[in-house]
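A short write-up of the structure that comes next.
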Ligand code: IVH
């Protein structure tokens, strides 16, 4: 039987996967593993009737776009009380002993990733949900299935039929370094730390991307009703036997001295671990004692986190550079005596802005403490005043641009100084061109930072539009280029004329108009001409556009030089109009909609696009012509009242989606049966409980 072979292959692959990824002791070669996987994939492709979301073949992910439903946690995901002081930690433990007497404590590492709750039913992974706000999280199951250390089917047979297990999704340093190197090469913004990278990856739309990012998952806590365990250690030992990755770096402690020793050991030893940690969690082992201790409003009284202090190093400031970015913003950067900090040599640290420098009273040749916070570039936290040279003088912040000499300005509400000479200041000109050619903008390959500088030095480009006048014979003779590269560059510049409008808009580099805002603007205004004519008020109508962004757009289009560049780009033939929306069906033919409020799963413009794609029309205001009002959160009460009066059907986002999926025939309630807006919102958050069950929030063990 084919089904038997498929089942056997799935079991075998899952077993070898566990040996390789969880136990680090593979029993077969990669080659043999791949051969088994290929056989399984072939059989599954030939027999789609045997599809199973928990087959090991899903670990490669898919390019289908994920939707993250918000689901309710059956048991809330609480956080932990934390402290940086051993003294406070000792007090916490004394309080426990005062309440329940002597208790066995377990010390574990505090993993620095993003929390996850995995639900297993009949031994199979059913669902993976992020912590969210502790009561509701995002359903990220498709992405978590690609993480090799998450078992899809449990081993053994003594697992509870239904339980949750919680832990941390981590990005090991090796995966993090590789990811950031790739992003740097592609000109994408870097992740500041492995925690952000893990959380960002988990929210990726494509699970195929997640599969490639090398996430890991360590579990540290079970949750369920009437779980058959008396202690934490026993529960984790069982979880290990079922195939979960459980940390070995734990210790049983009975007093402060033993706890302190564990903390001191790992504060140092953690630097050699392949994944990030930020502290130690101390937990009562015995579940009966845990029940007696209970919870405060936010956290359990039977566990606490001790957080490691960020590592600091003391070094000297030799000089200060002032860097000018693409937008003209000036950032002071300190050049330091090289010093080792958290595994890397630090030579430079950011000083942020003039205010920050004054606050710290930074002076040349000061000895300063540097710290690696969440950011990529280390920062200076304090001056060691006892080492300050006697003749040191306060620093005066620069008043002119270090690149072009123009007097610097400060805009209201901004901490940074700016060089206002946008069209004449070298790093601003180069920065704008480099931004324009980025992959997410015009994606002009073959042109890197160095080549852009070369073109600028040779007087071939002064702004983004000049790129479109370049000719191969101008490029080929330049150093490091030659015929082949010149040809590639010209071809890729030519190709960029087809890049969709939203990316062209992003490429213009308007202040505060990032990739997402550019998309919203393109969806809303549909063409550059309409956008350029829009008033401040009209600009604010687009999704996610507020006054700050609206003003930046107005300012951009008020600048003569920008208008000249735009005219030049238009002449070159770039896309200044959004692509035609394809009509996917005529389900909404002849129907008029009004969209109002905020929605959980779509932006307003996305809903409008869906309506048009299905033949419907969007109207701006509620009137007798309107058939449906799609009501989101925070909708104005006047609009609602008017719609009720006119007997317009009022539907939620979910109902709208259902209408699309099921067709108009199942259109929901008319005015008389409809629900108040608060309820509309509630109904969008369908809880994750199984049908017919209520969700007990108390019995954790
Ligand atoms: S136990 C009731 N154990 O730290 C809370 N949490 O600040 C039970 N974390 O949200 C959590 N390592 O994401 C626990 N060994 C560990 C942990 C750990 C990291 C995270 C977890 C939690 C946060 C609390």
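The values are calculated or read from the model by the stated rules, or taken from the named source; none is laboratory data. Since we're looking at a predicted model, the values are computed, not measured. Cβ atoms come from the backbone with ideal geometry, glycine included; neighbour counts cover every protein chain shown.
Observations
- Taken as a whole, the condition of being in a loop (DSSP other than H, G, I, E, B), more than 16 Å from the ligand (Cβ to nearest atom) and within 27 Å of residue 657 (Cα to Cα) applies to residue 67.
- Extreme residue, farthest from residue 86 (Cα to Cα), among residues of the stretch 263-272 that are away from the ligand (no atom under 13 Å from the Cβ) and surrounded by 15 or more Cβ atoms within 10 Å (Cβ to Cβ): 267
- Boolean, residue 132 is within 23 Å of residue 193 (Cα to Cα), within 15 Å of the ligand (Cβ to nearest atom) and surrounded by fewer than 21 Cβ atoms within 10 Å (Cβ to Cβ): yes
- Pairs where the first residue, in the stretch 350-370, is under 19 Å from residue 399 (Cβ atoms) and the second is in a loop (DSSP other than H, G, I, E, B), C-beta under 6 Å, 6+ apart: 353/415; 353/416; 354/397; 355/415; 357/351; 363/392; 363/395
- Residue in the stretch 323-335 that is within 12 Å of the ligand (Cβ to nearest atom) and farther than 30 Å from residue 96 by Cα present: no
- Taken together, the criteria place residue 440 among residues that are over 30 Å from residue 358 (Cα atoms) and under 31 Å from the mean Cα position of the chain (by Cα).
- Matching residues, the stretch 575-623, being part of a helix (DSSP H, G or I), out of contact with any helix residue (DSSP H, G or I) (no Cβ under 8 Å at 6 or more places or on another chain) and at pLDDT below 85: 604
- Selection within the stretch 105-128 - within 16 Å of the ligand (Cβ to nearest atom), touching a residue at least 24 places away in the same chain (Cβ under 8 Å) and farther than 15 Å from residue 278 by Cβ: 105, 106, 116, 117, 118
- Test result for residue 395, touching a helix residue (DSSP H, G or I) at 6+ places or on another chain (Cβ under 7 Å) and modelled with pLDDT under 95: yes
- Residue 304 being at pLDDT 95 or above and more than 10 Å from the ligand (Cβ to nearest atom): no
- Residue pairs meeting the criteria (Cβ under 8 Å; at least 6 apart or on separate chains; first in a loop (DSSP other than H, G, I, E, B), in the stretch 488-504; second loosely packed, with under 14 Cβ neighbours inside 10 Å): 500/579
For (1) exposed (fewer than 13 other Cβ atoms within 10 Å of the Cβ); (2) within 22 Å of residue 385 (Cβ to Cβ), each residue gets a yes or a no:
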position	(1), (2)
298	yes, no
303	no, no
323	no, no
335	no, yes
344	yes, no
347	no, no
352	no, yes
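- Residue in the stretch 162-178 that is farther than 30 Å from residue 306 by Cβ, more than 16 Å from the ligand (Cβ to nearest atom), crowded, with 16+ Cβ neighbours inside 10 Å and free of Cβ contacts under 8 Å to residues at least 60 places away in the same chain present: no
- Checking the stated criteria, residue 351 turns out not to satisfy the condition of being touching a helix residue (DSSP H, G or I) at 6+ places or on another chain (Cβ under 8 Å), within 16 Å of the ligand (Cβ to nearest atom) and modelled with pLDDT of 90 or more.
- Residue within the stretch 76-92 that is within 27 Å of residue 204 (Cα to Cα), more than 8 Å from the ligand (Cβ to nearest atom) and either touching a strand residue (DSSP E or B) at 6+ places or on another chain (Cβ under 6 Å) or part of a loop (DSSP other than H, G, I, E, B) (or both) present: yes
- Checked against (1) over 19 Å from residue 151 (Cα atoms); (2) in contact with a strand residue (DSSP E or B) (Cβ under 9 Å, 6 or more places away or on another chain); (3) without any contact (Cβ under 8 Å) to a residue 12 or more places away in the chain, residue 253 passes all but a single condition, namely (3).
Results for (1) touching a helix residue (DSSP H, G or I) at 6+ places or on another chain (Cβ under 9 Å); (2) at pLDDT below 95; (3) closer than 23 Å to residue 9 by Cβ, shown as yes or no for each residue.
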site: 105; (1), (2), (3): yes, no, no
site: 115; (1), (2), (3): no, no, no
site: 125; (1), (2), (3): yes, no, yes
site: 132; (1), (2), (3): no, yes, no
site: 156; (1), (2), (3): yes, yes, yes
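- Going through (1) more than 16 Å from the ligand (Cβ to nearest atom); (2) assigned to a loop (DSSP other than H, G, I, E, B) one by one, residue 298 falls short only on (1).
- Qualifying residue in the stretch 216-237 (condition: surrounded by fewer than 19 Cβ atoms within 10 Å (Cβ to Cβ), free of Cβ contacts under 8 Å to residues at least 12 places away in the same chain and either under 30 Å from residue 97 (Cβ atoms) or away from the ligand (no atom under 16 Å from the Cβ) (or both)): yes
- Checking 260, 248, 278 one by one, the residue that is more than 11 Å from the ligand (Cβ to nearest atom) and surrounded by 15 or more Cβ atoms within 10 Å (Cβ to Cβ) is 260 and no other.
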